[in-house]
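S.K.: After the structure tokens below, expect a handful of questions from me.
The values are calculated or read from the model by the stated rules, or taken from the named source; none is laboratory data. Everything numeric here is computed off the predicted structure, so don't read it as measured data. With ligands, DNA and RNA removed, areas are computed over all heavy atoms of the protein, side chains included. Shrake-Rupley method; radii C 1.70, N 1.55, O 1.52, S 1.80 Å.
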Amino acid sequence: MSKGIDHEARAIALIGTRFRPQGRGEGALDCLGLMIEVYAIPGDQVRRDYRLRGDHGGEIASGLKPYFRTVAAGAARAGDAVLFRIAEDQFHFAVKTERGFIHAHAGIGKVVEHPGVPEWPVAGTYRRRGLAKKG
């Protein structure tokens with residue numbers, strides 16, 4: 001955890017929030033909106049017109065670098081961010097929990113927690129870097 005922030009608890013608090021593509025708060029989130037909220041990433045640092053479809057692995061990794069460090073899959077713990085490859089050309093973010101993972105589920109229409117092991121292959125696991133001190 002960075003600076004004592006319980007990222008798992010922040011994600012749990014968002015369960016039930018409505019899903020909306022490009023959702024960045026205002027009562028609706030998508031998977032990147034969930035990451036912005038849980039990990040306190042400045043919203044203006046994430047493109048609103050993003051595409052997690054296609055060959056954007058390098059762009060995703062570059063965007064994560066200022067905020068996260070890579071974690072080996074076997075060392076993942078509750079509160080870490082997980083990037084799934086849900087299709088050949090599509091990625092999806094979630095937050096690892098003790099019971100499974102929390103993500104913004106388009107099909108269900110809200111942020112949900114799924115118990116157990118995810119059905120999708122993991123493309124990367126990340127831990128939030130310490131927050132920079134202001135002043």
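S.K.: If you count only protein heavy atoms and use a 1.4 Å probe, how large is the accessible surface of residue 85, to the nearest 10 Å²?
M.R.: 90 Å²
S.K.: So, one more: In region 83-124, what percent of the accessible surface is made up of carbon and sulfur (1.4 Å probe, ligands and nucleic acids excluded)?
M.R.: Carbon-and-sulfur percentage of accessible area, whole number: 51.
S.K.: Send over a whole-number figure in Å² for the accessible area per residue of region 83-135, probe 1.4 Å.
M.R.: Normalised by residue count, the accessible surface of region 83-135 is 57 Å².
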